[in-house]
1. Counting only residues that are among the aliphatic types (A, V, I, L, M) and more than 16 Å from L83 (Cα to Cα), how many does segment 40-65 have?
2. Just one of the numbered conditions (1) small (G, A, S); (2) touching a strand residue (DSSP E or B) at 6+ places or on another chain (Cβ under 9 Å); (3) more than 22 Å from I284 (Cα to Cα) is not true of G47; which one?
3. Return the total of residues in segment 313-336 being acidic (D, E) and outside any helix (DSSP H, G or I).
4. Applying the selection to segment 148-189, what residues are in a loop (DSSP other than H, G, I, E, B) and on the phi < 0 side of the Ramachandran plot?
5. Filter segment 6-28 down to residues that are of a type in the set (D, E) and in contact (Cβ under 8 Å) with a residue 24 or more places away in the chain, then give me how many there are.
6. Whether any residue in segment 63-86 is out of contact with any Pro (no Cβ under 9 Å at 6 or more places or on another chain), over 26 Å from H104 (Cβ atoms) and among the hydrophobic types (A, V, I, L, M, F, W, C) is what I want to check.
7. Looking only at residues in segment 27-44 that are surrounded by fewer than 16 Cβ atoms within 10 Å (Cβ to Cβ) and of a type in the set (G, A, S), which one is nearest to L92 (Cα to Cα)?
8. I need the full set of residues from segment 296-312 which are assigned to a helix (DSSP H, G or I) and over 15 Å from N273 (Cβ atoms), in order please.
Amino acid sequence: MTIEDLKRKDIIVFECMSGSHAYGLATSESDEDIKGVFILPKEDYYGLNYIDQVSNETNDIVYYELKRFIELLSKSNPNILELLYTPEDSVLKIHPVFEEIRSHNFLSKQCKDSFGGYAMTQVRKAKGLNKKILNPIEKERRSVLDFCYVADGQGSIPIAEFLNSNNLNQENCGLSRIPHMHEMYGVYYGENSFKGIYRKDTSNDVVLSSIPKGLDPIAIMSFNKSGYSKYCKEYKEYWEWVDKRNDARYENTVQHGKNYDAKNMMHTFRLLNMCEEIGRDGKINVRREDREYLLKIKSGDFQYEELLEIAENKIKKIEEEYENSSLPEFPDIGRDCKLNSV
């Protein structure tokens with residue numbers, strides 16, 4: 001089923017502008033996001049054609065089937081609660097069925113975890129981004145050889161340096177484990193006699209060779225296998241991030257020089273502030289009165305560490321608000337939302 005099918009069948013019961021336009025945070029560069037709710041005809045709902053969500057390719061337009069909408073509502077999903085309490089000037093279409101649903105209050109103490117928990121996930125995401133920006137990884141992938149060192153006097157040198165200074169090739173080397181010494185190897189040499197130190201640049205480990213009796217090693221080598229595994233994981237994560245990142249947002253991050261995704265951090269603080277307001281006032285304010293403050297975060301007016309400290313203090317305040325809140329522990333969907341009347 002497509003968005004065109006929903007409109008052709010006239011089964012959309014709610015439709016609104018969402019995101020920055022609903023929050024009052026839209027700028028000239030902001031995209032237009034549309035969300036809504038639809039009710040499937042009985043033959044589709046009870047048949048084999050049930051579908052719980054319809055969206056376009058970019059997810060800028062998303063419609064939830066009513067049953068799925070209620071399920072997410074029962075979990076105090078932030079996106080769904082924001083949709084339910086959308087400001088009137090952002091509502092594009094509403095059916096009496098949905099007006100009845102909107103007349104009930106579904107806020108509960110569960111919002112502390114759904115709003116606050118999601119915000120903390122974004123804070124951790126911001127930390128990860130900060131690390132990636134400050135510690136870029138070269139495109140040329142390092143190999144096993146870069147994590148191997150040989151003893152040299154009272155110290156050590158990279159084995160690549162050792163091989164180069166002695167005009168030796170890694171392909172002609174053979175390795176044998178040294179008993180009782182973790183990741184330590186004897187290095188032997190002989191043209192066309194051994195398997196090399198590693199097979200190929202993408203190898204995950206060194207390779208062992210059969211060593212003839214009586215042959216003395218030319219060096220003692222250590223392989224930092226755990227360090228190499230950690231590097232491979234970080235290399236994969238970093239370049240997957242580079243491939244998938246939003247270049248426009250990344251350029252904004254680089255330009256303001258604070259090394260965090262400012263737009264993401266703005267929405268993190270929006271969620272934290274909304275979470276505090278729900279616990280304190282028992283209502284949700286989708287249209288933000290703290291617009292100027294949030295836009296300053298988006299513009300990079302704050303240092304990264306400063307925002308983290310503010311967020312930590314905000315979370316402590318949220319804990320206090322919800323301890324003293326008169327909100328119910330969970331939304332009573334069965335009482336407040338009688339689906340059998342829809």
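The values are calculated or read from the model by the stated rules, or taken from the named source; none is laboratory data. From a predicted model like this one, the values you see are computed outputs, not experimental measurements. Neighbour counts are summed over all protein chains in view; Cβ atoms, including those assigned to glycine, are modelled from backbone coordinates with ideal geometry.
1. 3
2. Unmet for G47, out of (1) small (G, A, S); (2) touching a strand residue (DSSP E or B) at 6+ places or on another chain (Cβ under 9 Å); (3) more than 22 Å from I284 (Cα to Cα): (2).
3. The total comes to 2.
4. Scanning segment 148-189 gives Q154, N166, L168, N169, I178, P179, M181, H182.
5. Result for segment 6-28: 1.
6. no
7. Looking at the filtered set, the residue picked out is S30.
8. Correct list: Y304, E305, E306, L308, E309.
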